[in-house]
Each structure stands twice: as structure tokens, then as C-alpha cells.
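The values are calculated or read from the model by the stated rules, or taken from the named source; none is laboratory data. All values derive from a computational prediction rather than experimental measurement. We place every Cβ from the backbone using ideal geometry, glycine too, and count neighbours over all the protein chains shown. Ligands, DNA and RNA are stripped out before the accessible areas are found, and what is left, the full protein with its side chains, is counted by its heavy atoms. Shrake-Rupley method; radii C 1.70, N 1.55, O 1.52, S 1.80 Å.
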Amino acid sequence: MLEIKNLHAKVEGEDIEILKGVNLKVNAGEIHAIMGPNGSGKSTLSKVVSGHPEYEVTEGEILFNGEDITELDADERAHLGLFLAFQYPVEVPGITNKTLLREAYNTIARANDREELDPIEFEDYITEKLDVIEMKDEFLSRSINTGFSGGEKKKNEIFQMAVLNPVLSFLDETDSGLDIDALKVVSDGVNKIANDKNAIVMITHYQRLLNYIKPDYVHVMMAGKLIKSGGFELAEELEANGYDALEKELVLNGEAQ
Amino acid sequence: MSEVIQRDTMLSYITGSVESSAESVAIRAINERGREDLENTPFPTRKDEDWRFVDLKSITKSQFCKLEEANAADVGDISDHYLPEAMNCRLVFVNGVYSEELSSVEDLPNNVIVGNLAANADNNSVKEHLGTITNYDDDVFAPFNDAAFTDGAFIYVPEETVVRTPIHILNVFTDAEKAFYATPRLLYVGEMFSKSTIIEEHIGLADNQYLNVPVTEFKMFTGSNVHHARIQRDSKKASHISRPIAILDKNAEYHSYTICLGAKLFRNDPRVIQNAEEVNFTVDGLVLIDGDQIADTHSIMDHRFAHAGSHQLHKVVVNDNAHSVFNGKIFVAKDAQKIDSFQENRNLLLSENGKVNTKPQLEIFADDVLCSHGATIGQLQDEEVFYLQSRGLTEQKSRELLVYAFALESVESMEVESVEKLLLNEVIEYTNRDEK
Ligand SMILES: Nc1ncnc2c1ncn2[C@@H]1O[C@H](COP(=O)(O)OP(=O)(O)OP(=O)(O)O)[C@@H](O)[C@H]1O
Ligand SMILES: [Mg+2]
């Protein structure tokens, strides 16, 4: 489904290279986790994949179902089924959640020759989706993320994911700022959305999320590269020994540059 | 002053003279006064502080003739511009001239008057208040209207009377062979504890050049209440110079909302004057301009007595080479304690060449007052655009929604549904215009 090959990216118009050769392959039905220290480039990777204009791909490619998407705009990528749950969801005063989601849903439907939903049909459709993350329907008529608590913002991202039903989702630290109850709700929601036709890449610092959403693969990102991949046990190892130990081990093995 | 500079007058730029053709003695007296003021007041230049940012060449370079000499086109069918809520409560003025045929006033509460000034010239309220409320020193535009108007709109709401239907004052301007001037006039008299909603509209039906100089006067007696929406959709070649003023007695409420969409040059000097204690008023504005448009608002909120609550939210969106000027004066007189005044000017710049000048001007001589003011100039946030775009919305749609959201608050204060819809469409059209 997604194949990232030797991806290099820098900040547009500046000489700051952030991604320095990322390789990642994600198949339908898989759940991946990316862990890594602050500033290693995890969010940047998710933004580059979603088409943020702030970054420029200087080398490598991003293939989505075989098509190179590096030149596509963010909305065109969303039409193909890409979704990013933001680490810091943006507040947009004056536009309600419902307005955004209806516009988004119908734009994506149109791009894929699927039927659009009229306001009444859409109302039924999203009301149903509210259950996925146990949100009240007053949420729909509030301005996007405006005045939401940290936890509500994260929930809202997953709610949007449920509504737009993407093929591939990057969840950037969706677990940060959630208390244990909210974490359970959000994880349940993600598990309900996950199926064998879609795929999820979670970015997180904590193993606790992975206890609720079981990843098939865990990757470690450091200094702009995925330096090690493994199964769930890699997350446990990181939790126990930290990134420094991993880095030393890799240097000893001559794997790191 | 060391040097006296002889400057041309308004009249010399426009037509040379403005003859009074008003039938009513009362109106002729105001015409006379206006002409005197005009002859004694030099035309402003950029050296005048109040006109620093505005190039009046578009007025001084063109000759504006009387309507009769302009060979103006027929008005045609303008029923699209009628408001469904005000179907039987509408006064229409075509190029400043009252049209009885297009106006429709029915089913008003007892003793309410919605009509033209010329027909009501003998009304006591007209005689008493017409021309007495305008208060623009050293100005040439209010006197120009004074000198030239022969008719206008008159609204009278008696004591304890509530007019539930919005009253639509529709000024339309047609195409013409020559550039002409028009001097629309509106006198509103709200008796004690009366209440109404006024929608004052200016619409250019074609793309021609004209000079629109309206004066509106609101006399608000004790406890009276008005919601006054002003929608300026003049032709993009027109100049519109407005002088709306309200004077408020005790417990009166006057809430005005000016929407600026049209005109090449828009200059608006709203003034609200407190005439007794305990009043409430609003002087909000929404400006959406692009191309080479200039919109300049010079407002005065004049607190002269204690216990006033006043509010001004002036929102501006600028695109292309357009230029917005805002100068918001808040006066608080020496004994006017317990004033709670709020002023905010928020500007959204959509282009690199757009310009915004903003200046709050607070002159406060009382000590127990709460006055806050602020101005912001910002652009659309890239992060907001990306957020919406990542959800599948095109960049254009994302920008449109963000501008829409910015303007929404002001639009929602219209209180008349069809007007809100109309304005939201205008906002969408505005944001789509830069999709070149
Ligand atoms: N637009 C930008 N301009 C300059 N530097 C940037 C920009 N975007 C990202 N960076 C830098 O790139 C590095 C990677 O940032 P990124 O946000 O991807 O890290 P992260 O792995 O998500 O960290 P965290 O775990 O703290 O969320 C950081 O050093 C960051 O400061
Ligand atoms: Mg991050």
C-alpha cells in the first residue's frame, strides 16, 4: 500500500535536512508504530507523507498503491485515502466540525466517483460515527478544536478519521495528553476502524498505547532515519533501556553511521 | 497659522453650483445652510489629518453632473433585490430619487411612518429634527448633501411601538452616460420605547462611475432601540462617502453594522453621540475589498454622560492592491464616568500588496471608565490551510472557508435571514474572485 524509499526531505527554502533516507513499507491490514526521541523527525515524516508544503522532498519517493505521490497536493493525497491525525490539531474558529467534515467527506466522495451525502443523510452518518469515540453531538456544532481540551482535540482527530474512513492513517502522538479512560476510548475507536483493507501508522513515545492497539511492526526513528524495526518486543526493549542503549548497540554492531 | 492657502471648494469640483429645487420650505432652508457651509469650507487634501490615506482625485478629477443631465438608464426589474422579510416595508430610491412605484409600505403598526421626506415635509418630527442631528465640522460632504437633497426617506416610530418587519431602504444606482452625483437622505425618529430594524442598502446595478453621498440621521428618544444594518454594494467605480449619525437619549440603544463590499472609494464616518446617561450602542463594520478599492472608516463614539456601554468590532479583509483605513475615535467627556467601551479592529491580509492602516484614538477625560481597544493584522495561517487541505478540501476551498469564518461573526449580527444569506454569498464570491 505505502512504500517509502530512501526519503530525504528538508525545510522548504532552507538548508535544514530533516529526513535523511527513510525506508518504510506498509501493507493493507497492518498496524505500525514509530517511536523515537524528540526531534528525530517523526512528525516531519507524517507531514511529508501527507503533503505539507513546508517541506521539500529532495530525494527518494513515496509510493501509494504503486503511484508516486510526492508531487501531489495535500488534498489530492487525502482523496487517495491518506489521513493524518495531527500531533497538535489546529484550532479553526468559526468553522464547525460538521461543516468541515461534510465538505471533506463530499469532496473525497466526488474525487472517487462515490455518491455525496446531502445534509440530512450526512447528519445521520456522522451521528452514528460519534459512538466510535463516545462523543456528544454538541461536538459537531462547535468550531474545529476551538477551546477544546488537549484530550478532546485528540479524540476529535480520531472522530474525523472515523468519518472520512481513510485507507492509510498516520496517528501522530494521538495518545499524548489522554488520561487512561480517554486512552481506552480512543484505542477502542481506532481498533474499530482498523480492518484488513486499511492500515495505520502510529507515532508514539509510550508503550502504553501499544498495549491497547497492538502493532504488527515497531520502528525506531533517530536523526531522520528509521534505524531499527522489529515486533512488539522492540517497544518493550525501548521502554526498559531507552534510546541511548539502542544507539550504542547499533554502533557496536556497526549498523549506525 | 502662518499661511493662508486658498483651496477649491466641493462645488467647484462637482458642478459649480447646486440649485435648490426642493418644494418644502424646511428642506430649502437646509439646502441654503449647506450651500453656505460649502462655500466656506475648502475641499480636503492629503495634508488634512483625516484624509491622509485617501486620494480624492477620483472625485476632483471627474465632473459629476446632476442626475437630470446624466442620461441615466431605466431601473428595470430589481425585484431580486427585495428582501422577503420586508416585502411590504420597502422604500426604493433610484439614483437618489424616490420611486413610489417600486416602494411598498403596508401593514405597519398604527401611526408608524415609512415614507419619503418630501411628502412628509410638514410632519412635526421632520420639521423639528431634519438637518439638526448631522454634526460634521470642517466637512464638505455632509454640507454637500445638505445643499443638494430634495427628498429622502423618513421613518417615524411612535411611543411604545415595535415594528417587527424589517424596514428596507433600498438605494439603487443605474448605468448612465455621464457620471452623476446622488445625495440620499434618511431621517429616523424613534419615540420613547420604540423599536425597529432598518436595512439600508446601496446597490450599483451597473459598472458606472457615480458619487453617492448619503446622510442618515437617527434621533433616538428615551428607551428607543434600533438595529441599523448598512450594506454598501455600490458599483466598483463609484465613490461612496457616508455620513451616518445617531444621537441617543437616556436608555436608548443604537446598534449599527456597516458592510462594505463595493465602491472604488468608500469613506464612512459613523458617529454616535450620547445625549443622556445610560445608553448602549454598537458601531460594527465588515469590509471586504480587493482590486484597487479603498475603504476608510473614521468613526466617533462620543460619550458625554455617565453609564454608557459601547462596542465596536471592525473587521477587514484586504486582497490585491486594496487599502483599508480605520480610525476609531473614542471620546469620554470629563464627567462621563462608568463608561464601558470596547473597540477592536481585526484585519486579514490576503495579498502582499494589500494595505492596512489602523489607528485607535482614545480621548478620555473621566477617570472611572473601562476602555479597551486593540488592532490585529494577520494573514491566513498556513497551518490552518494545511489542516483543512489534509482533510481533502482544495486549497481554494480551505481559504474560502477561513475567510468565511473570519467574516461570519459580523454577518450573523444582521438578524435578518435573507440579508445574512446574501452576505454569505457575497463572502464566497469575494474569496473566489482571487482564483485567477
Ligand atoms: N519548519 C521547520 N523549520 C525548521 N526546523 C524544523 C521545521 N520542522 C521541523 N523542524 C526540525 O526538525 C526536527 C524534527 O522535528 P519533528 O517535529 O519531526 O520531530 P518529532 O520526532 O516529531 O519530535 P517530537 O517527538 O518532539 O514530536 C526538529 O529538530 C525540528 O525542530
Ligand atoms: Mg512530533
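Of the conditions (1) away from ligand 2 (no atom under 14 Å from the Cβ); (2) of a type in the set (S, T, N, Q); (3) surrounded by 21 or more Cβ atoms within 10 Å (Cβ to Cβ), residue A:106 fails just one. Which one is it?
Of everything listed in (1) away from ligand 2 (no atom under 14 Å from the Cβ); (2) of a type in the set (S, T, N, Q); (3) surrounded by 21 or more Cβ atoms within 10 Å (Cβ to Cβ), residue A:106 misses just condition (3).
Among the residues of region A:150-157, are any within 16 Å of ligand 1 (Cβ to nearest atom) and under 17 Å from residue A:200 (Cα atoms)?
yes
Can you give me the number of residues within region A:238-253 that are open to solvent by 20 Å² or more (accessible area, probe 1.4 Å) and within 26 Å of residue A:3 (Cα to Cα)?
Summing the residues that are open to solvent by 20 Å² or more (accessible area, probe 1.4 Å) and within 26 Å of residue A:3 (Cα to Cα) in region A:238-253 gives 2.
Scan region A:33-55 for residues that are among the hydroxyl-bearing types (Ser, Thr, Tyr) and more than 9 Å from ligand 1 (Cβ to nearest atom) and jot them down.
Scanning region A:33-55 gives a single hit, A:50.
Scan region A:38-52 and tell me whether some residue there is within 9 Å of another protein chain (Cβ to nearest Cβ), in contact with a Ser or Thr (Cβ under 6 Å, 6 or more places away or on another chain) and of a type in the set (D, E, K, R).
No, that holds for no residue.
Give me the residue from region A:10-31 that is within 16 Å of ligand 2 (Cβ to nearest atom) and farther than 19 Å from residue A:67 by Cα and, out of that set, least open to solvent (accessible area, probe 1.4 Å).
That would be A:19.
Taking region A:176-204 as the region of interest, how many residues are within 16 Å of ligand 2 (Cβ to nearest atom), part of a loop (DSSP other than H, G, I, E, B) and under 19 Å from residue A:30 (Cα atoms)? Let's see the steps before the verdict.
From region A:176-204, those within 16 Å of ligand 2 (Cβ to nearest atom) are A:176-178, A:201-204; that's our starting set.
Filter once more, keeping what is part of a loop (DSSP other than H, G, I, E, B): A:176-178, A:204.
Remaining after also requiring under 19 Å from residue A:30 (Cα atoms): A:204.
The qualifying residues number 1.
May I ask you to say which residue of A:58, A:70 is hydroxyl-bearing (Ser, Thr, Tyr), away from ligand 1 (no atom under 16 Å from the Cβ) and surrounded by fewer than 21 Cβ atoms within 10 Å (Cβ to Cβ)?
From the options A:58, A:70, the qualifying one is A:70.
Any residue at all in region B:342-359 that's over 21 Å from residue A:102 (Cβ atoms), open to solvent by less than 60 Å² (accessible area, probe 1.4 Å), assigned to a helix (DSSP H, G or I) and more than 14 Å from every other protein chain (Cβ to nearest Cβ)?
no
Out of region A:205-243, which residues are hydrophobic (A, V, I, L, M, F, W, C), more than 16 Å from ligand 2 (Cβ to nearest atom) and assigned to a helix (DSSP H, G or I)?
Restricting attention to region A:205-243, the residues satisfying the condition of being hydrophobic (A, V, I, L, M, F, W, C) are A:209-210, A:213, A:218, A:220-223, A:226-227, A:232, A:234-235, A:238, A:240.
This time we only want the ones that are more than 16 Å from ligand 2 (Cβ to nearest atom), so: A:210, A:213, A:218, A:227, A:232, A:234-235, A:238, A:240.
Passing the criteria: A:210, A:232, A:234, A:235, A:238, A:240.
In region A:53-102, what residues are β-branched (Val, Ile, Thr), touching a residue at least 40 places away in the same chain (Cβ under 8 Å) and either more than 14 Å from chain B (Cβ to nearest Cβ) or at positive phi (or both)?
Listed by number, the residues that qualify are A:57, A:58, A:62.
So which residues in region A:40-79 are more than 14 Å from ligand 2 (Cβ to nearest atom), assigned to a helix (DSSP H, G or I) and not aliphatic (A, V, I, L, M), if there are any at all?
A:75, A:76, A:77, A:79 - these are the residues of region A:40-79 that are more than 14 Å from ligand 2 (Cβ to nearest atom), assigned to a helix (DSSP H, G or I) and not aliphatic (A, V, I, L, M).
Just a yes or no: is a residue in region A:106-117 on the phi > 0 side of the Ramachandran plot and either within 14 Å of chain B (Cβ to nearest Cβ) or of a type in the set (S, T, N, Q) (or both)?
No: zero hits.
Output yes when any residue across region B:40-57 is in a helix (DSSP H, G or I), touching a residue at least 40 places away in the same chain (Cβ under 8 Å), buried (at least 20 other Cβ atoms within 10 Å of the Cβ) and not aromatic (Phe, Trp, Tyr), and no when none is.
Scanning region B:40-57 turns up no residue that is in a helix (DSSP H, G or I), touching a residue at least 40 places away in the same chain (Cβ under 8 Å), buried (at least 20 other Cβ atoms within 10 Å of the Cβ) and not aromatic (Phe, Trp, Tyr).
Checking the condition open to solvent by 50 Å² or more (accessible area, probe 1.4 Å) and over 13 Å from the mean Cα position of the chain (by Cα), which residue from A:143, A:149 passes?
Testing whether each residue is open to solvent by 50 Å² or more (accessible area, probe 1.4 Å) and over 13 Å from the mean Cα position of the chain (by Cα) leaves just A:149.
Please tell me if residue A:240 is small (Gly, Ala, Ser) and under 30 Å from residue A:156 (Cβ atoms). Steps first, please.
On the way: small (Gly, Ala, Ser): yes; under 30 Å from residue A:156 (Cβ atoms): no.
So residue A:240 fails the test.
Look at residue B:394 and say whether it is more than 16 Å from residue A:144 (Cα to Cα), touching an Asp or Glu at 6+ places or on another chain (Cβ under 8 Å) and either touching a residue at least 12 places away in the same chain (Cβ under 8 Å) or of a type outside the set (Ser, Thr, Tyr) (or both).
No, not satisfied.
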